[in-house]
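Structure record follows, encoded as structure tokens.
The values are calculated or read from the model by the stated rules, or taken from the named source; none is laboratory data. Bear in mind the structure is a predicted one, so any value in this text is a computation, not a measurement. Neighbour counts run over all protein chains shown; Cβ positions are idealised from the backbone, glycine included.
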Amino acid sequence: MSKVVELSRVVKVYGKGELAVKALKGVDLEVSEGEFLCIMGPSGSGKTTLLNIIAALDKPTSGEVKVCGLNLAKLSEEKLARFRLRNIGIVFQFHNLLPDLTALDNVALPAIIATGDIKESRKRALELLEWLGLSSGAQHKPFQLSGGERQRVAVARAIVNKPRLLLCDEPTGSLDYESKLRVLELLKRINVEKKTAVIVVTHDELVAKYSTRVLRLVDGRILESI
């Protein structure tokens, strides 16, 4: 299987001098196509920092980051933005849906930005919502949806451009138990049926049951692999 993520000796330092905080301390990580990786650890362990670096939302202080075979350090900000749009889907703890848009248009928006084709993008978004069992809420705005439904719409938005990599930052953190199960089953379905590599950073032990591999990140270092 091809490698979707390759990190080598990644260090991330915030601040300078006596105020410097080392968030990541030489992380090595490889994630293969079709893998479902769960990264667990306490608050402040560096999980979100690691995810942001993989997502090209932040840059390492040192070390090498390759995603989908490309060395991210060699891409300009404009090229990074295009790369993210087409190759990486991101799901946050709080869905971050645009409140004035319907579920359909929230999902279609990344495809519209990527292609400029509104009609085809909305068609693709509707097909995706149908595939996920969300077509009945396609014309609803976020406030008309439950918390679990909003998060599932956010997942649909993240995969509308058929990314090779789906990154999730505490995707079940604000959900009740039943909604957690539905979101995790959805992520697993995407992983298996779409062959999308999925990385979830979380405190939630339930996520581990759906993953193919679990890593523990403590104090900026990967200490354990299960």
For residues that are within 30 Å of Gln144 (Cβ to Cβ) and out of contact with any Pro (no Cβ under 7 Å at 6 or more places or on another chain), scanning just the stretch 71-94, find the one that is modelled with the highest pLDDT.
Ile90
Test for Lys188: is it under 21 Å from Arg86 (Cβ atoms), in contact (Cβ under 8 Å) with a residue 40 or more places away in the chain and of a type in the set (Lys, Arg):
no
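Mind counting the residues in the stretch 207-226 that are part of a loop (DSSP other than H, G, I, E, B) and either at pLDDT 90 or above or surrounded by 14 or more Cβ atoms within 10 Å (Cβ to Cβ) (or both)? Write out each step before concluding.
Let us first name the residues in the stretch 207-226 that are part of a loop (DSSP other than H, G, I, E, B), namely 211-212, 219-220, 226.
Restricting the remaining residues to those that are either at pLDDT 90 or above or surrounded by 14 or more Cβ atoms within 10 Å (Cβ to Cβ) (or both) gives 211-212, 219-220.
Matching residues across the stretch 207-226 total 4.
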Tell me whether the stretch 108-123 contains one or more residues that are over 28 Å from Leu75 (Cα atoms), of a type in the set (Gly, Ala, Ser) and at pLDDT 90 or above.
no
Report yes if Pro60 is part of a loop (DSSP other than H, G, I, E, B), modelled with pLDDT of 90 or more and at negative phi, otherwise no.
yes
Pairs where the first residue, in the stretch 197-209, is within 21 Å of Val67 (Cα to Cα) and the second is of a type in the set (Phe, Trp, Tyr), C-beta under 8 Å, 6+ apart
Ala197/Phe36; Val198/Phe36; Val200/Phe36
What residue, among those in the stretch 161-177 that are buried (at least 19 other Cβ atoms within 10 Å of the Cβ) and modelled with pLDDT under 90, is nearest to Val5 (Cα to Cα)?
Asp169
Would you point out the residue of the stretch 203-226, among those that are in contact with a Lys or Arg (Cβ under 8 Å, 6 or more places away or on another chain) and among the β-branched types (Val, Ile, Thr), that is nearest to Leu128 (Cα to Cα)?
Ile226
Working only within the stretch 10-23, note down all residues that are within 15 Å of Leu72 (Cβ to Cβ) and not β-branched (Val, Ile, Thr).
Lys12
Out of the residues in the stretch 158-203 that are of a type in the set (Val, Ile, Thr) and either in contact with an Asp or Glu (Cβ under 9 Å, 6 or more places away or on another chain) or not in a helix (DSSP H, G or I) (or both), state the one that is farthest from Ile113 (Cα to Cα).
Thr202
